[in-house]
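J.: Quick one: the structure is below, questions incoming.
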Amino acid sequence: MKLGEYQQATNDFTTGLCDCFSDRSSCCLTICCPCFSFGQIAEIVDQGSISCCAAGTFYLLLAPFVGFQWIYSCTYRAKLKAQLGIPKSTCDDCCSHFWCQCCALAQEYRELKHRGYDPSLGWEGNMEKQKSSTLPPQILGRMIR
């Protein structure tokens with residue numbers, strides 16, 4: 001099952017890079033703790049092959065010691081765009097993450113939400129949610145005229 005399978009691809013993100021306040025919860029999460037939002041994005045993009053905790057921890061370790069966490073997160077932006085059918089622009093993607101890391105992460109988080117994913121549930125939680133939404137409703141008891 002691919003990331004963009006349930007949603008039709010568009011030519012670009014559904015929100016702009018600086019539309020952070022259109023979704024205040026993801027904006028606050030990203031500003032206060034970008035390692036959490038990045039970890040959740042990475043788990044969805046990698047379709048569960050990396051956990052939120054592992055990706056977020058690696059991001060966190062790169063930040064203070066090396067300062068190159070933007071390179072790591074930029075690669076996930078490219079993966080996300082490829083999976084959603086959004087044309088990639090390596091220079092724009094890297095500049096977005098280098099100059100405005102929080103805005104880029106918040107935009108990716110919003111995009112996943114707009115495409116029907118809840119990054120806070122993780123990959124497995126989203127797969128369960130999609131499975132349960134495709135099942136017909138169960139009728140409890142018997143039908144009465």
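The values are calculated or read from the model by the stated rules, or taken from the named source; none is laboratory data. Predicted model, so just to flag it, every value in this text is computed and none were measured. Neighbour counts run over all protein chains shown; Cβ positions are idealised from the backbone, glycine included.
J.: Could you check how many residues of the range 46-59 are closer than 14 Å to MET127 by Cβ and either of a type in the set (Phe, Trp, Tyr) or in contact with a Leu (Cβ under 8 Å, 6 or more places away or on another chain) (or both)?
T.: 1
J.: Still on this model: In the range 22-79, what residues are aliphatic (A, V, I, L, M) and either within 14 Å of ALA106 (Cα to Cα) or in contact with a Cys (Cβ under 6 Å, 6 or more places away or on another chain) (or both)?
T.: Scanning the range 22-79 gives LEU29, ILE31, ILE41, ALA42, LEU60.
J.: Against the condition among the hydrophobic types (A, V, I, L, M, F, W, C) and modelled with pLDDT of 95 or more, how does ILE41 come out, does it pass?
T.: Taking the combined requirement at face value, the residue satisfies it.
J.: Shifting gears a bit: Would you pick out the residues in the range 14-66 that are of a type in the set (D, E, K, R) and in contact with a Gly (Cβ under 7 Å, 6 or more places away or on another chain)?
T.: GLU43
J.: Right, something else. State all residues of the range 51-63 that are of a type outside the set (A, V, I, L, M) and in a helix (DSSP H, G or I); if no residue qualifies, say none.
T.: Listed by number, the residues that qualify are CYS52, CYS53, GLY56, THR57, PHE58, TYR59.
J.: On to the next question. Every residue in the range 18-45 that is of a type in the set (D, E, K, R), in a helix (DSSP H, G or I) and touching a residue at least 40 places away in the same chain (Cβ under 8 Å), please.
T.: GLU43, the sole residue that qualifies.
J.: Which of the residues belonging to the range 104-121 are assigned to a helix (DSSP H, G or I) and either in contact with a strand residue (DSSP E or B) (Cβ under 8 Å, 6 or more places away or on another chain) or surrounded by 19 or more Cβ atoms within 10 Å (Cβ to Cβ) (or both)?
T.: Of everything in the range 104-121, those that are assigned to a helix (DSSP H, G or I) and either in contact with a strand residue (DSSP E or B) (Cβ under 8 Å, 6 or more places away or on another chain) or surrounded by 19 or more Cβ atoms within 10 Å (Cβ to Cβ) (or both) turn out to be ALA104, LEU105, ALA106, GLN107, GLU108, TYR109, ARG110, GLU111, LEU112, PRO119.
J.: Out of curiosity, is GLY48 over 18 Å from PHE13 (Cα atoms) and either assigned to a helix (DSSP H, G or I) or without any contact (Cβ under 8 Å) to a residue 40 or more places away in the chain (or both)?
T.: Here the answer is no, as GLY48 does not meet what is asked.
J.: Pairs, please: C-beta under 7 Å, at least 6 apart or cross-chain, first residue under 16 Å from TRP99 (Cβ atoms) and crowded, with 17+ Cβ neighbours inside 10 Å and in the range 56-69, second among the aliphatic types (A, V, I, L, M) and modelled with pLDDT under 95?
T.: Here the result reads GLN69/LEU62; GLN69/ALA63, each pair linking the range 56-69 to a residue that is among the aliphatic types (A, V, I, L, M) and modelled with pLDDT under 95.
J.: Is it the case, given these coordinates, that LEU3 is under 13 Å from the mean Cα position of the chain (by Cα), surrounded by 16 or more Cβ atoms within 10 Å (Cβ to Cβ) and at pLDDT below 90?
T.: Answer is yes for this residue.
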